[in-house]
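Each remark here refers to the structure printed beneath this line.
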Amino acid sequence: MDRWRFGGDREKRPSTTNEKYFILKSMIKEHRFSLEGLLVLYSKVFSGLPSMLQRPYSLDVSAQLLRTEAFIEGRWVSAASTFPVLDPATGEEIAKVSDCGTKEAQDAVNAAYKAFHLWKSQTAKERSILLRKWFNLINEHKEDLAKLITAESGKPMKESVGEITYSASFLEWFSEEARRVYGDIVAPPAKDRKILLLKQPVGVASIITPWNFPSAMITRKVGAALAVGCTVVVKPAEDTPLSALALAELSVQAGIPPGVFNVVPCSREKTPAVGELFCTDPLVAKISFTGSTATGKVLLRHAAGTVKRVSMELGGHAPFIVFDSADVDKAVAGAMASKFRNSGQTCVCSNRFLVQSGIHDAFMEKLAKAMDAELKVGHGSEPTTTQGPLINTRAAEKVENQIVDAVAQGAVIVRGGKRLEGSFMQPTLLSSVNTDMLCMREETFGPLIPVVKFNTEQEALAIANASPVGLAGYFYSRDISQIWRVAEQMEVGMVGVNEGLISTTEASFGGIKQSGLGREGSKYGIDEYLEIKYMCLGGLSL
């Protein structure tokens, strides 16, 4: 069957041959095309896609993992309505998922609160064992879980498999950290007392996750929460609920008790109301959100009314600096890895490329050649694809607008530069970029490399730090003194030195400035779900 995606909202795009036929018929009737015009129109409607996208793609996964209902208190729950989940590469509907509202969200919060009092009383070892079982099950179903990610997010299959490995690693890590939550015994100021500092779970945590890592962003939060005795309600992104629901199925198989892990999917239209309930309900003690800075600010305002604990992993605008002392080949490899993973749709993707004048031309030449040799646009299910679609047409329009703005201000297109069919974008390399351009002032979230030429270290740092956000930053240098200077002066929460891929379970993940609050992963991620209680035991005869 032919595939086609019109611009505008995804839900309104025709996805069947019949729908396309009636659109063609109405367009012909309205415009009275000549035969020649009709042939042109037909070719645009039915031949606008790369050849690989003109054939059908099916979602071949275990029926047990393809869940479409909400998961509340250990049960699969239908809502009054559903919303479609679409393949962003083709616009075809993958599934219809329960469209939960505030009623289902409240039920999930109530279930989590009831389960909390039992879950926190289990020993750390008991919770550890269950998390480890969940980790094992995810690895056993790695292939099917990866197919779900590719189907609903468009991510190339190789990257999806990598995400599942990454996702599982957080459950493994926090299953181990569960048994290493230590309090303190503090020397008292008087002889008749003892001072103890206890660590206890905060309570019910609302987890709101993005579409770009639909599995790993859940386990990075949930693993830490469950390890210490918290219970959770997860609201996955409306574009990618299937991965969250598959995790819920595996949590049942792992033996996670009812109410400990709940999933409430909902459409874009119902998201504001559900999000507000999670942030204002007095039974919820903690909010953990990954997404845009603008949305994070809205959630913070809601959470302020009940003074909830919050973790926010928000937007980034990562600088990527290449100094004259850098190894050019390694810098090019790092740029390719950092920029084009998930078609540029990660919060730690390099966005602003700053290359010193002495090495600029060599870097640009080698980077252009690497893009030609290594990048292939296509459906994520194709084994040769390295660049899938952007998540929707709005995302593609944003990248396209940044390119148009840059060119209008004097930027030169070195590679790519074109919007392809639907939400596909050509990987694009721009030279002669300046800091006034849109692509240097706002996060891109797409396969665009704008390169600014600079002369001095101080100039590069000034540009890199001239941003209200500070999540990640990267630079390449072989000067050890420069490495220390720049790493300490970059205003970001994470720095990659001669390395383009920095995310790992063992290291803390988070930013400064308006890139968020708190840290995830590592030994510090577990503290986000713990309260410290001071206990003074007095009246002792010692």
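Of the conditions (1) surrounded by 18 or more Cβ atoms within 10 Å (Cβ to Cβ); (2) more than 26 Å from the chain's Cα centre (by Cα); (3) modelled with pLDDT of 50 or more, LYS20 clears all except one; give me its number.
Unmet condition: (3).
Looking at the range 286-308 only, could you name the residues that are of a type in the set (S, T, N, Q) and either in contact (Cβ under 8 Å) with a residue 24 or more places away in the chain or open to solvent by less than 10 Å² (accessible area, probe 1.4 Å) (or both)?
Passing the criteria: SER288, THR290, THR293, THR306.
Do we find that ALA95 is buried (at least 22 other Cβ atoms within 10 Å of the Cβ) and either touching a residue at least 40 places away in the same chain (Cβ under 8 Å) or in contact with a Ser or Thr (Cβ under 7 Å, 6 or more places away or on another chain) (or both) in this structure?
no
Could you grab me the full set of residues in the range 176-204 that are of a type in the set (Val, Ile, Thr), part of a loop (DSSP other than H, G, I, E, B) and open to solvent by 40 Å² or more (accessible area, probe 1.4 Å)?
VAL181
Name the residues in the range 267-285 that are open to solvent by less than 40 Å² (accessible area, probe 1.4 Å), of a type outside the set (A, V, I, L, M, F, W, C) and part of a helix (DSSP H, G or I), would you?
THR271, GLY275
Please determine whether any residue of the range 389-398 is in the same structural domain as GLY344 (by the TED database), closer than 19 Å to CYS347 by Cα and touching a His at 6+ places or on another chain (Cβ under 9 Å).
Within the range 389-398 (the criterion being in the same structural domain as GLY344 (by the TED database), closer than 19 Å to CYS347 by Cα and touching a His at 6+ places or on another chain (Cβ under 9 Å)), the answer is yes, since at least one residue qualifies.
What is the residue count in the range 520-542 for residues that are closer than 28 Å to GLU159 by Cα, open to solvent by 40 Å² or more (accessible area, probe 1.4 Å) and touching a residue at least 40 places away in the same chain (Cβ under 8 Å)?
Residues flagged as closer than 28 Å to GLU159 by Cα, open to solvent by 40 Å² or more (accessible area, probe 1.4 Å) and touching a residue at least 40 places away in the same chain (Cβ under 8 Å) within the range 520-542 amount to 1.
Taking the condition charged (D, E, K, R) and touching a residue at least 12 places away in the same chain (Cβ under 8 Å), does LYS366 pass?
So LYS366 fits the description; yes.
Check the range 309-329 and report whether any residue there is out of contact with any strand residue (DSSP E or B) (no Cβ under 7 Å at 6 or more places or on another chain), open to solvent by 10 Å² or more (accessible area, probe 1.4 Å) and farther than 30 Å from ARG478 by Cβ.
No - not one qualifying residue is present in the range 309-329.
From the list THR68, THR165, exactly one residue is closer than 23 Å to PRO210 by Cβ, within 26 Å of the chain's Cα centre (by Cα), free of Cβ contacts under 8 Å to residues at least 60 places away in the same chain and open to solvent by 10 Å² or more (accessible area, probe 1.4 Å). Which is it?
Of the residues listed, the single one that is closer than 23 Å to PRO210 by Cβ, within 26 Å of the chain's Cα centre (by Cα), free of Cβ contacts under 8 Å to residues at least 60 places away in the same chain and open to solvent by 10 Å² or more (accessible area, probe 1.4 Å) is THR165.
Looking only at residues that are in contact with a Ser or Thr (Cβ under 6 Å, 6 or more places away or on another chain) and crowded, with 18+ Cβ neighbours inside 10 Å in the range 496-513, which one is farthest from THR346 (Cα to Cα)?
Filtering the range 496-513 for residues that are in contact with a Ser or Thr (Cβ under 6 Å, 6 or more places away or on another chain) and crowded, with 18+ Cβ neighbours inside 10 Å, the one farthest from THR346 (Cα to Cα) comes out as THR505.
Identify the residue in the range 393-414 that is β-branched (Val, Ile, Thr) and modelled with pLDDT of 95 or more and, among all such residues, is most open to solvent (accessible area, probe 1.4 Å).
Filtering first and then ranking leaves VAL404.
Just for the range 290-326: of the residues that are among the hydroxyl-bearing types (Ser, Thr, Tyr) and more than 19 Å from the chain's Cα centre (by Cα), which one is farthest from ASP107 (Cα to Cα)?
Ranking the candidates gives SER325 first.
List pairs: first in the range 491-515 and closer than 17 Å to GLY296 by Cβ and in the same structural domain as TYR476 (by the TED database), second among the basic types (Lys, Arg) and assigned to a loop (DSSP other than H, G, I, E, B), Cβ under 9 Å, 6+ apart or cross-chain?
GLY493/ARG519
Limited to the range 205-239, what total is found for residues that are farther than 23 Å from ALA146 by Cβ, in contact with a Cys (Cβ under 9 Å, 6 or more places away or on another chain) and either modelled with pLDDT under 95 or of a type outside the set (A, V, I, L, M, F, W, C) (or both)?
Adding up the residues that qualify gives 1.
What's the number of the only condition in (1) open to solvent by less than 60 Å² (accessible area, probe 1.4 Å); (2) modelled with pLDDT of 95 or more that GLY422 fails to meet?
(2)
Considering each of ALA178, ALA146 in turn, give the residue that is touching a Lys or Arg at 6+ places or on another chain (Cβ under 6 Å) and under 28 Å from ILE287 (Cα atoms).
Going through ALA178, ALA146 in turn, just one is touching a Lys or Arg at 6+ places or on another chain (Cβ under 6 Å) and under 28 Å from ILE287 (Cα atoms): ALA178.
One residue is enough: does the range 314-328 have a residue meeting the conditions touching a Cys at 6+ places or on another chain (Cβ under 6 Å) and over 19 Å from GLY416 (Cβ atoms)?
yes
Part of a loop (DSSP other than H, G, I, E, B) and surrounded by fewer than 23 Cβ atoms within 10 Å (Cβ to Cβ): is that true of GLU459 in this structure?
No, not satisfied.
So which residues in the range 371-388 are within 23 Å of CYS347 (Cα to Cα) and either modelled with pLDDT under 95 or open to solvent by less than 70 Å² (accessible area, probe 1.4 Å) (or both), if there are any at all?
Within the range 371-388, MET371, LEU375, VAL377, GLY378, HIS379, GLY380, THR385, THR386, GLN387, GLY388 qualify.
Under 9 Å between Cβ atoms, which residue pairs at least 6 apart in sequence (or on different chains) link something in the range 241-264 that is over 14 Å from ALA95 (Cβ atoms) and part of a helix (DSSP H, G or I) with a partner that is open to solvent by less than 10 Å² (accessible area, probe 1.4 Å) and among the polar types (S, T, N, Q)?
From the range 241-264, the pairs are LEU247/SER167; LEU247/SER215; LEU247/THR219; ALA248/ASN262.
Hey, ILE287 hits all of (1) in the same structural domain as LYS133 (by the TED database); (2) farther than 24 Å from ASP107 by Cβ but one; which does it fall short on?
It is condition (2) that ILE287 fails.
Residues that are modelled with pLDDT of 95 or more, in a helix (DSSP H, G or I) and aromatic (Phe, Trp, Tyr): does the range 130-140 have at least one?
Yes: the range 130-140 contains one or more residues that are modelled with pLDDT of 95 or more, in a helix (DSSP H, G or I) and aromatic (Phe, Trp, Tyr).
The values are calculated or read from the model by the stated rules, or taken from the named source; none is laboratory data. The structure presented is a predicted model; accordingly, all values stated were derived computationally and were not measured. Positions of Cβ are backbone-derived with ideal geometry, glycine not excepted, and every protein chain shown enters the neighbour counts. We work out accessible area using only protein heavy atoms, side chains counted, and drop any ligands, DNA or RNA first. Shrake-Rupley method; radii C 1.70, N 1.55, O 1.52, S 1.80 Å.
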